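*Asks:* Quick one: this structure, given as structure tokens, is what I'll be asking you about.
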Amino acid sequence: MDEPVIIEDPAEEEALHEAPLQEPPMAQEAEPVSDPASYGAEDIQILEGLEPVRMRPAMYIGSTGHKGLHHLVFEVVDNSIDEALAGVCTHIDVIIHPDNSVTVIDNGRGIPVDIVAGAERPAVEVVMTKLHAGGKFGSSSYKVSGGLHGVGVSVVNALAEWLEVEVWRDGKAYRMRFSRGDITSPLEEIGTSETTGTRVSFKPDADIFKETTEFHYEILSQRLRELAFLNKGLSINLIDERTTKSHRFCYEGGIVSFVSHLNQNKDTLHPDPIYLCATKETMEVEVAFQWNTAYLETIYSFANNINTQEGGSHLTGFKAALTKSINLYSRRKGWLKEKDQNLSGEDVREGITAVVSIKIREPQFEGQTKTKLGNPEARAIVESIVEENLDNYLEENPACAKNIVDKSIGALRAREAARKAREIVRRKGALEITSLPGKLADCSEKDASRSEIYIVEGDSAGGSAKQGRDRHFQAILPLRGKILNVERARLDRILTNEEIRTMITALGTGIAEDFELKKLRYHRIIIMTDADVDGSHIRTLLLTFFYRYMKQLLEEGHVFIAQPPLYKVKKGKQESYAYSDEEKDRVISEFGGDGVAIQRYKGLGEMNPDQLWETTMDPTNRVMRKVSMEDAVSADEIFTILMGDRPELRRHFIETYAKEVKNLDI
């Protein structure tokens, strides 16, 4: 198992309040239109080369935050993956250097260096400096490709402080250097080479990426692992020279190995993943899936190795075929009577883990970041291939088929119970949001972007928080006891849990398929629990609930962990709070040592309202950790281990990583 990904990520406190809303200006008479003659050809600006990229980088990479930063690496890696898809690359190295520059090396054919007709410049220069230039627009060099927009590596070049490309082909080695898209060293032959391939090294431009230029190992690891699963036999090495962390990703089983990896800590209904593969109308379809005894579906979809996080036509086709095939088989066997209603897609997908991967000649992605596939023909092709092959599998494996159908019928019955429970929650959300005595202490601010809610452990801490808060923008929701472990429960049981129902009502978004982020009533959801074992358990239960049923809250950065102090150090009139043992020792040293009184806070209830406000709730002083999801696969794995129903996995995890835990109170 890879090093676990801790999804609680330190983050600086963001500005809590925006500038006050301005009153709309009074209506005025319209200004006369300026003289048309004052607007002429001299006012038209022509942006040359890569200037548009530097002027509007978010148009090309989505954002200039950490997502856009890592997108630079993925654009370079995708060029190497396209070589693998063409059957001419077997090995890729991705290296993070101590100065946060990155190198990507492959053993493909090497970018061409001969002169491009019409441009009268070397091909590698054209590829690096011209938008919409590359070998992917024709059909001879690459039959399928992820980077079909053709702006990838030139955009990286434009947004890099410096970039160096080295090419090995035809027995020779070549090198070229750039800075912010401009050539600093023209293409030159630097020696001979017995291998072929390309090395691209670059450092992101801090003038563009003002938020951060630091690469996260886990974000890169997740994507490279996916690519290795999707390209069976391809070896991808990730090396972090800043920390000496490294990993080699290589899976001979391809997406079958991917599904097995995702299900490795779960009890499955059949021993091996179902694998379907076929080519139809130049589209190659690969699907692997396996049911487990849990209640949630985990499906990843890809088109030309691009993770289509928002799904698309290929995923729709898979789901439709799955539902139709299992319904027809169930009725054919007499397990689903004519008078019974059909199994829904939600029923048949309960507990499924699936990977859908297609290779398509002309993919139509929605948006430059390529998160949804739009090709209408993909649905029909995937649906027909899955339907035909799944029917055969079910007939040939009756014992496995019976387990799958039994689970689906059980989900159908639970769905009816969940529907009734959901209706109760909906009614409460609409009618009783202002009448939650003893539970929600709401704030007066109605703008969700300026509001926050503290989910607090226990009535005692809840009382202190209610008294200490700023009532204008801070709401308090005390929890009585521990909420249900949703990892081991179906939705119908989850919706009957009083604490969970109260939380759903307070947040306003609904859950699961009813979830709507735009209805979120507070843009900061802050979990505040005691600094002991029970507090950690409650925090984990809450994070499990958010991850499984309100995942978008984590993806969009709305969930935070409050950091109350562990100690109060006092000497005479001097006093200071410490948030760790190291900070406590530093404060004691600063105070002089002798005569120091130390108070250890084991519970939030031990602090009076003023202390709680000063240390944990005041935006000018508090320390919070934003919960992020840098590696969804590893996050899923850890939640399964810690909150699932296999104690031996939990024991092994604790024994393996206990030495890394600090400040543990028993």
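*Asks:* Please report the accessible area of C443 (heavy atoms, 1.4 Å probe, ligands and nucleic acids excluded) in Å², nearest 10.
*Replies:* Counting only protein heavy atoms, C443 exposes about 10 Å² to solvent.
*Asks:* Return one whole number: the accessible area per residue of segment 501-614 in Å², for a 1.4 Å probe.
*Replies:* Spelled out: the 1.4 Å probe surface of segment 501-614, per residue, equals 42 Å².
*Asks:* Further question on the same structure: Given a 1.4 Å probe and every protein chain left where it sits, what share in percent of the accessible area of segment 196-338 is carbon and sulfur?
*Replies:* 46
*Asks:* Which entries in the list K439/K518; K372/K551; K446/K466; K210/K519; K324/K359 go over 20 Å, if you measure between the two C-alpha atoms of each?
*Replies:* K439/K518; K210/K519; K324/K359
The values are calculated or read from the model by the stated rules, or taken from the named source; none is laboratory data. Just so you know, these numbers come straight off a predicted model, no measurement behind them. To get the accessible areas, we keep the full protein, side chains included, count just its heavy atoms, and leave off ligands, DNA and RNA. Shrake-Rupley method; radii C 1.70, N 1.55, O 1.52, S 1.80 Å.
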